[in-house]
Every structure is written in structure tokens, then in C-alpha cells.
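Worksheet: one structure, shown below.
The values are calculated or read from the model by the stated rules, or taken from the named source; none is laboratory data. Model, not experiment: these values are computed from the prediction. Because the Cβ atoms are built from the backbone with ideal geometry, glycine has one as well, and the counts that use them run over all protein chains shown.
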Amino acid sequence: MSGGMLRAGAAQADITPADLTGLNAMGPDFVGLHDRTFARAVVIENGVDAVAVVSADVLELGVTVDLRARIAAATGIPAGAILLAPTHTHNAPRGGLTPAGGLSRAASAESLAYTDALFDAILDAVVRAQNAAVPARIGVGTGRVDVNINRDVPRDGTWRLGQNPDGPSDKTLTVVAVHDADDRPIATLLGYAVHPTAALGTRMLSADVAGAAASAVSEALDAPTLWLPGSLGDQAVRGSLEAARTGGDDLTVDEVFALVDTQGRTIADEALRVAAAIDEWRDAADLSGREAALGWPSKPGTDLPPDMHQEELDLVALRLTALRIGDVVLLGVGGEVTTAAAAEIMAAAVAPHPVLVSMANERLGYLADDDAFALGTFAARGCPIQPGWVPAAADVLARLAAERTTA
């Protein structure tokens, strides 16, 4: 049996740390709090199968195998039907541990303690979301937002981070709307490809552009909004403290967060426009969730910050997850996927609305396409696996997405 009548519920938890000491993985300690951070969850059921999606305002979530097992035990939702994603704000703590063979900054003792509270909060949010489930319907739409820009810039015989208007950049904003039977919003999912780094360097705790967008949509619709990071492996945010400094300006903290709010509002306005224009809704749909680990030859990172660490392995396991919600399939890849790699993965998917989700259920490192490897871009230098992984991952995800039950 499949395609049963839908029920859905959503919940959120405040995950703002009480003590900021030792939690800034991107530099010296945070000096203050700009805005609170959240984990937001939605559970969707059809009487036979169920899926859960979580978005958390953290840099990364690391290994989530045990957390998803806890969620499965508490809710009955299979671990493979649970997709956890960080917003990847660079002004918030990291969670979890680096997967075996992955490339990441080492977790501090403080971040590991924070992880315990974070994972408890995520579990609680999913349980509350399931308990809040009511008859529901789902619609999907897409728009375009020009807040992102390719960040691979040739300089002095190599490729450095910057802003490259001629580089590939996916401007698509995908909006998945979950409403109740009376057309009241339950939750909204936003899929977009950008590094939330506008406030990087301010040393202020913040959900950055992703959080500003999600909070604006949440406030407008009076329902949780989940941010799903797309093909951000080679995507910068246009307005940032770093970009201003590169151009010779040094913005005040207030000026930086004005940029954060403006860009978040731009995304939110387009999301609200797209959501209001959805005219096809489903109150019954197939639901399925599958995961697999793709073993691939490892590669050491090169020319990276000195605090990056990598375990030496012959093969690295890349985690892949496919969640089908009717015509929408979330294609989760456990790392920061570049634009070209994401396009190939989505093209292979058997679904009218494929949505690439970077860093789903873990973060292995950057995941570069073969062209990026040939150029030697930042993402390629930070990729812990050898070239050629993209078609193999695309094939696995297409197979996972085609399997319609969550057994």
C-alpha cells in the first residue's frame, strides 16, 4: 500500500548555547549573541510510511548515526527516512564528530558538550512534530534568487576564494509547502545554494542569511521554516564582511547584519511569492526513505587551513540519502556539493522535483565535480575523495529514490 492520505506536524527548538566559550570553529571565541538559533523539524506520514526532516542552525552536524537511531526508536520512523541538515551558518557551533576519513576542523570539548544538548533538542523536536500531526497536503514551487555567486577565482596561478560572476551558480529556490486541511501552513522547506557567511568575522553568534530567510518566512506564515542547503560547495553570498574587506571597506557589525537581513529578506520575499502561487496540492502521496554508503578511494586535502584534520583511510564512505515526498525527492549527500556535481545528480533522479541537500546526515568535506578537480579549486583541494564519484553517487541516489517503501 502506498500513496495514503497525508498527515504532518512540525516543531522547533531553541538551540542557542548559554555559554559561547570554545564554540566558534571558525576562529577565536564568539564575543556576543546577535540572534538566537533553532532546530526545526517536520514529520510527514501517510498511514503506512513516514519521513522526518530537520534543519538546524549550526555549522555542521557531523556523524548522526546514533542520533537517527534514537529518533527511530522514539518515533518508529526508519533511520533511512530521517534527513538532518545544518544550515551551515559559519557563525554558530558545529555539532558531532567528523566522519571517518573526512576533512574538518577538530571538535572542541565544548562543542562535544554542546552536541549532546543539540542532539537532545533535535530528538525532542521530531517527537513533538510527530505528536502534532494533522491531516495535511503538500505543494511545491520554484523561483530564482540572485543572492549567491560562484566563489572560485583564478589568482596568481591558482584558484582562490572570492566572487566570480562568470562561474556556475544555481539560482533556483525550491519551496515545499506543507499545509493543513484548512490551508494553514504547518511547515515550509526552502532549498537554496549559498554559504551563509555574510557575518563571518564579526564573532557574533548568528544563523546568518539562512536564519534570516527562514525566520522571515516563519514569521509571515506563523509556522516553522526549514532551510536545506543546496549545491553550496562553490557558492558565496554576495554581500558579506569578507567581500567588503576585499573591496577595501571595513563594515561595522551593524552594517554587516544589515546585509544579512537584506539578503535574507530577498530570499524570504521570493519564497513567499512562490508559496502563494502554488496551485497544485496533494493530500495523498507516496513516502519513502532510503540511505546507502558509497565507498570511494580517499584523497588527502591540500593547501588548507592548518587546523583541518583528516584520518588516513584507503576508502571513505560517502553517505547518501533519498527521501521521497510524492513528486519531491530530497537527494541528501554527506558533504558540500559543487554546482556541476549537483546538476548531474539531480538530472539522474526519477522525480519531477529533485532537491539536492548538501551535508545531509553528516559532513565528509567538500565534494567537487571533475571539472573542479581539473582546475584545482578550493573545493577540489578540500575534497577527501578521488574524482569520478559523481556518476556513481547519482546512480545510487536514483536507485534509492525509486524504491518506494521505507522497510
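Of the residues in segment 358-375, at least one is of a type in the set (A, V, I, L, M) and either touching a Lys or Arg at 6+ places or on another chain (Cβ under 6 Å) or closer than 30 Å to residue 48 by Cβ (or both). Being under 22 Å from the mean Cα position of the chain (by Cα) and acidic (Asp, Glu) is not true of residue 182.
Restricted to helices (runs of 4 or more DSSP H) entirely inside segment 201-316, those with at least 2 residues that are more than 22 Å from the chain's Cα centre (by Cα) and either under 30 Å from residue 154 (Cα atoms) or basic (Lys, Arg) (or both) are 241-246, 253-277. Restricting attention to segment 273-317, the residues being surrounded by 13 or more Cβ atoms within 10 Å (Cβ to Cβ) and on the phi > 0 side of the Ramachandran plot number 0. Considering segment 80-113, and only residues there that are part of a helix (DSSP H, G or I) and in contact with a Leu (Cβ under 9 Å, 6 or more places away or on another chain), the residue that is surrounded by the fewest Cβ atoms within 10 Å (Cβ to Cβ) turns out to be 112.
The residues listed here are 59, 6; of these, the one that is over 28 Å from residue 110 (Cα atoms), out of contact with any helix residue (DSSP H, G or I) (no Cβ under 8 Å at 6 or more places or on another chain), surrounded by 22 or more Cβ atoms within 10 Å (Cβ to Cβ) and of a type outside the set (Asp, Glu) is 6. What residue, among those in segment 27-62 that are part of a loop (DSSP other than H, G, I, E, B) and of a type in the set (A, V, I, L, M), is farthest from residue 8 (Cα to Cα)? Checked segment 27-62; the qualifying residue farthest from residue 8 (Cα to Cα) is 31.
Per the listing 225, 172, the residue uniquely surrounded by fewer than 24 Cβ atoms within 10 Å (Cβ to Cβ) and either closer than 17 Å to residue 359 by Cβ or not charged (D, E, K, R) (or both) is 172.
The set of residues from segment 350-374 being among the hydrophobic types (A, V, I, L, M, F, W, C) and either in contact with a strand residue (DSSP E or B) (Cβ under 8 Å, 6 or more places away or on another chain) or without any contact (Cβ under 8 Å) to a residue 60 or more places away in the chain (or both) comprises 350, 351, 355, 356, 357, 359, 360, 364, 367, 372, 373, 374.
For segment 101-129, the set of residues classified as hydroxyl-bearing (Ser, Thr, Tyr) and within 26 Å of residue 303 (Cα to Cα) consists of 104, 108, 111, listed by residue number. Being buried (at least 17 other Cβ atoms within 10 Å of the Cβ), more than 20 Å from the chain's Cα centre (by Cα), farther than 30 Å from residue 241 by Cα and of a type in the set (Val, Ile, Thr) is a description that applies to residue 138.
Scanning segment 356-379 for residues that are part of a loop (DSSP other than H, G, I, E, B) and either among the small types (Gly, Ala, Ser) or not assigned by TED's automatic domain parsing to the domain that holds residue 303 (or both) gives 360, 365, 368, 376. Of everything in segment 327-355, what is closer than 18 Å to residue 301 by Cα and in a loop (DSSP other than H, G, I, E, B)? Give them in sequence order. If the condition is that a residue be closer than 18 Å to residue 301 by Cα and in a loop (DSSP other than H, G, I, E, B), then 334, 335, 338 are the ones that fit. In summary, residue 142 fulfils each of the numbered conditions (1) farther than 16 Å from residue 377 by Cβ; (2) among the hydroxyl-bearing types (Ser, Thr, Tyr); (3) at pLDDT below 95 with the single exception of condition (3). Summed over segment 267-314, the residues that are in contact with a Ser or Thr (Cβ under 7 Å, 6 or more places away or on another chain) and free of Cβ contacts under 8 Å to residues at least 40 places away in the same chain give a count of 1.
Residues of segment 161-182 that are touching a residue at least 12 places away in the same chain (Cβ under 8 Å) and in a loop (DSSP other than H, G, I, E, B): 162, 163, 164, 165, 166, 167, 168, 169, 170, 171, 181. Taken as a whole, the structure leaves residue 50 outside the set of residues that are without any contact (Cβ under 8 Å) to a residue 60 or more places away in the chain and over 18 Å from the mean Cα position of the chain (by Cα).
Of all residues assigned to segment 255-266, at least one qualifies as being aromatic (Phe, Trp, Tyr) and in the same structural domain as residue 187 (by TED's automatic domain parsing). Confirm whether residue 360 is surrounded by fewer than 24 Cβ atoms within 10 Å (Cβ to Cβ) and over 20 Å from residue 300 (Cα atoms). When the stated conditions are applied, residue 360 does not pass them.
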